[in-house]
Amino acid sequence: MSIVISQPSAAPVIHALRSLGYSAGTAIADLIDNSLDAKATKIILQFKCFGDDGAIIIADNGHGMNEDTLQDAMNIGSKDPRADRQPNELGRFGMGLKTASFSLGKRLSVLTKHNGIYAQRCWDLDHVSKCNEWQLFTAIPDEVRQFMCNIEGDSGTVICIDKLDRFMGAGGLNTIHESSFYAKVRRIHHHLEFVFHSIIENGKVQVILNGNELDPWDPFMVKHPSTLEGETQVLNINGNKIKVKYYVLPHASFLNEMEYKRAGGSRGWRDHQGFYIYRENRLLHYGDWLGMFQKDTSSQLARVRIDLPNAADEDWQVDIKKSAVIPPDNAKTRLETIARFVRKISRDVFYYRTQGSHPSQTFKGSLNTWELSGSDEGQQFVLNRNHPILSEIQKKIDDETSKLLNLYLKFVQLGSPSNITDSPKVEEESIQIVTDAMKELVIQFASTLIKLQVVQNMQQLIDALVTQPAFDGLNRKTLKSIIEEANVSHE
Ligand SMILES: Nc1ncnc2c1ncn2[C@@H]1O[C@H](COP(=O)(O)OP(=O)(O)OP(=O)(O)O)[C@@H](O)[C@H]1O
Ligand SMILES: [Mg+2]
C-alpha cells in the first residue's frame, strides 16, 4: 500500500493548541509540575507587568536538561502518553510545557543547566505563524534573556513566557490594567496554595511567588480538633489502589472568623463540598460530587479526599490539563456509598444533631465510632468495637450485661441508615427460608425484648420485630414461626 506523509500546517495547529481551555491557574500548575518532576526543592515564580504586556518567569533548582533533552522537551508531544511513568511523576502527555505556556502567551523561552552546562531554546509563535513552519530558535532573544536570572549551582531551569496576549486578555480592548494584573496574580497564588498544599506542607519544597512563599491551604482542616476524619479506605479499582478518606469539617460555631473564612476557600463553603481528587499528591479536581449528588447547603461540611496513582491515568481519563477526571463506573458505585455516608454526617453536624459527641473531640484513628469495612465486593459501615470508651465499658460490666450491650450494638450497626439496602418489603405471607444465623438473631432479640418487658404479648413482639431494619425482608408469618419454633415465652 502506498502512503504519503501529511504534514500538519503549523499555524492552525498552534491555534488549536492554544485553545485547550487552560485557566491561568491550571497552566501555571502544569508548569510547576515539571519543576517538581525535575526534583526541584525551590521554585520561584515572577509575574511582571509592563503596561499592556507582561512576562511570567518560573525558575527551579531541579536537575535541568542537557541539549538533547531540551530539544525533545520543546517538541509538541515529547513523550508517549502510554509509557509508564515513575511513581510520583506528574507528567503524562509530553505536552504541558508547550500547551500551558502557549495558553498564556506567544513566546516560550527555556534556559536550562545540567551538570554545569547551559542549553537554551525559544518558541515564538508569531514567527511560526508567519513562516507556517515549526522553526525553533536555538537562542533566547536578548529582550527576554534580560528577565531570566542565571542559574546558580550545577543544574536548574528557568522558563519565561512573554507576549502574554491571552493572559492579559485577548485583543486590545479587553487588555487588563496593572491593578487587575496583580489581582489575577493573587488568585493564582491562592490556587497554587490549594493545588500543591499536600506537596508543600511537608516543607521539602518551597514555592515563592513574587517574593511571597506559598502557604499550604488544607481543605480538610486536619489540624482542627473538631474535624471528623474517617479511616483511609483502599479501593482496588481495575488493578489500581485508590485511597479514599472522608472529612467532615467542624460546625461554624466551632470556628473563629478567620478559620471560617479560610476554610471557605476561594469559592465559598457550598462550592467546596464534594470529592477532592489528587494525583500523586497534587490536586486535580474538586468541588462537586462527580455528578452523583447535587451540592446542598447541609452537605457543605463534607469533603472526601481521593488519591490516585499516575498508573490510573487512563482508567480515570485524566485530561491533558490535569484538571479533570472521569471515574470508571465501578469506582463510582463505591464512591457513592462513601459520599452518601459523609453527606449524612455533614447534615447531622450542620443541623447540630451531634452536639453531644461534637465539642473539641477528635475522631481520629481508633477514635472513629464508625468504620467502613472495605472488602472488594462491597462496603458496610461497622461499629468500631475497639473504641477505647467501649473497651472500658466492657471491662466494667458482667458477662450478661456485656451480651446485652453487644446485641444492642449489633442492632445499631444493622439499623444504620447507611447500611440499609432498599430491599423491598416482602408482602406475601408465606413462611420464608431463613439462615440459622438470622434465626438466632431474631430469637436473641425477641427474648431480650420480652425479658426487659418492652413487649407484653406475641402481637406486640411481632410488631416490634417487623419494624427492625435488621429483619428487613422477613414477613410476620416467618418471624412468628421462628419464635414459636424456639419456644420463646412471654411468662
Ligand atoms: N523545569 C524542568 N526541568 C527539567 N526538565 C523539564 C522541565 N520542564 C520540562 N522538562 C522536560 O521536558 C519534558 C516535556 O515537558 P512537558 O510538560 O511538555 O511534558 P511532560 O511533563 O512529560 O507531560 P505533560 O504533558 O503531562 O506535562 C518533560 O518530560 C521533562 O523531561
Ligand atoms: Mg509537564
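The values are calculated or read from the model by the stated rules, or taken from the named source; none is laboratory data. This one's a predicted model, so the numbers in the text were calculated from it and none came from an experiment. Cβ coordinates were reconstructed from backbone atoms using ideal geometry, including for glycine residues, and neighbour counts include every protein chain displayed. The protein model used for the area step is the full one, side chains on, heavy atoms only, and it has no ligands, DNA or RNA in it. Shrake-Rupley method; radii C 1.70, N 1.55, O 1.52, S 1.80 Å.
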Scalar couplings 3J(HN,Hα) for the stretch 127-132 by Karplus 6.51 cos²θ - 1.76 cosθ + 1.60 (θ = phi - 60°), nearest whole Hz, x for Gly and Pro, are 5, 4, 4, 5, 8, 6
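At a Förster distance of 35 Å, what's the computed FRET efficiency of GLN146 paired with GLU259, Cβ-Cβ distance as r, to 0.05?
Working: r = 44 Å, r/R0 = 1.26.
Plugging the Cβ-Cβ distance into 1/(1 + (r/R0)^6) gives 0.20.
So in the chain, what percent of DSSP beta bridges are antiparallel if you round to the nearest 5? Walk me through the intermediate numbers first.
Details: 55 of 66 bridges.
That works out to approximately 85 percent antiparallel.
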Among PRO328, ALA38, LEU228, the residue whose Cα sits farthest towards the positive end of the charge dipole of the chain, when +1 is placed on the Cβ of each Lys and Arg and -1 on the Cβ of each Asp and Glu, is LEU228
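On a 19 Å Cα-Cα criterion, which of the cross-link pairs LYS403/LYS477; LYS42/LYS113; LYS48/LYS106 come out too long?
Numbers: LYS403/LYS477 28 Å; LYS42/LYS113 15 Å; LYS48/LYS106 16 Å.
The pairs that break the limit, which is 19 Å between Cα atoms, are LYS403/LYS477.
Could you order the peptides 460-466, 387-393 from most to least packed, using the average number of other C-beta atoms within 10 Å per residue?
The densest-packed peptide leads the list: 460-466, 387-393.
Summing +1 for each Lys or Arg and -1 for each Asp or Glu, what net charge is found among the other residues whose Cβ lies under 13 Å from the Cβ of GLU485? Each step should come with its number before you reach the end.
Values: positive: LYS439, LYS477, LYS480; negative: ASP436, GLU440, GLU484.
In short, 0.
Please compute the contact order of the stretch 228-383 in relative form: average sequence separation of alpha-carbon pairs under 8 Å and at least six residues apart, divided by the residue count, as a percent.
Numbers: 254 pairs, mean separation 41.5, N = 156.
Rounded, it is 27 percent for the stretch 228-383.
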Quick numbers on the stretch 398-486, Rg and Dmax over C-alpha atoms in Å, give 13.0, 43
Residue-ordered couplings for the stretch 328-344, obtained by feeding phi - 60° into the Karplus form 6.51 cos²θ - 1.76 cosθ + 1.60 and rounding to whole Hz (Gly and Pro as x), are x, 4, 5, 6, 4, 4, 5, 5, 4, 4, 5, 4, 4, 5, 6, 5, 5
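Please give the calculated 222 nm ellipticity per residue for the chain, where each DSSP H segment of at least 4 residues contributes -39500 (n - 2.57) and the sum is spread over every residue; nearest 500 deg cm²/dmol? Before the final figure, lay out the partial values.
Values: 15 runs with 160 residues, N = 491.
So the calculated ellipticity at 222 nm is -10000 deg cm²/dmol.
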Computed ³J(HN,Hα) along the stretch 61-68: with the Karplus parameters 6.51/-1.76/1.60, θ = phi - 60°, integer Hz and x for glycine or proline, the list is 9, x, 7, x, 9, 8, 3, 5
The relative contact order of the chain, taking Cα pairs under 8 Å that sit 6 or more residues apart, comes to a percentage of 12 percent
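Take the solvent-accessible surface of the protein heavy atoms, probe 1.4 Å, and return the percent of it on the chain that carbon and sulfur atoms account for.
Values: 12690 of 24730 Å².
Percent of accessible area from carbon and sulfur atoms in the chain: 51.
What ranking, highest mean first, results for peptides 55-65, 81-91, 281-291, 198-208 when packing means the other Cβ atoms within 10 Å averaged over each residue?
Values: 55-65: 22.6, 81-91: 13.3, 281-291: 18.4, 198-208: 15.7.
In descending order of packing, they fall as 55-65, 281-291, 198-208, 81-91.
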The relative contact order of the stretch 10-213, taking Cα pairs under 8 Å that sit 6 or more residues apart, comes to a percentage of 29 percent
Quick calc, the chain, dipole around Cα centre from Cβ unit charges on Lys, Arg (+) and Asp, Glu (-), nearest 20 debye, gives 760 debye
Listed by chain and number, the residues whose amide H is under 5 Å from that of GLY156, excluding neighbours fewer than 5 places away on the same chain and using placed H, are GLY64, MET65, LYS113
Highest mean packing first, using Cβ neighbours within 10 angstrom, the peptides 297-309, 232-244 sort as 297-309, 232-244
Treating only Lys and Arg (+1) and Asp and Glu (-1) as charged, each at its beta carbon, one finds that the stretch 228-383 has a dipole about its Cα centre, in Debye to the nearest 20, of 460 debye
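Lysine pairs in the stretch 256-357 with alpha-carbon atoms under 22 Å apart, 8 or more places apart or on different chains: how many are there? Walk me through the intermediate numbers first.
Values: LYS261/LYS295; LYS295/LYS332; LYS295/LYS344; LYS322/LYS332; LYS332/LYS344.
Lysine pairs meeting both conditions in the stretch 256-357 amount to 5.
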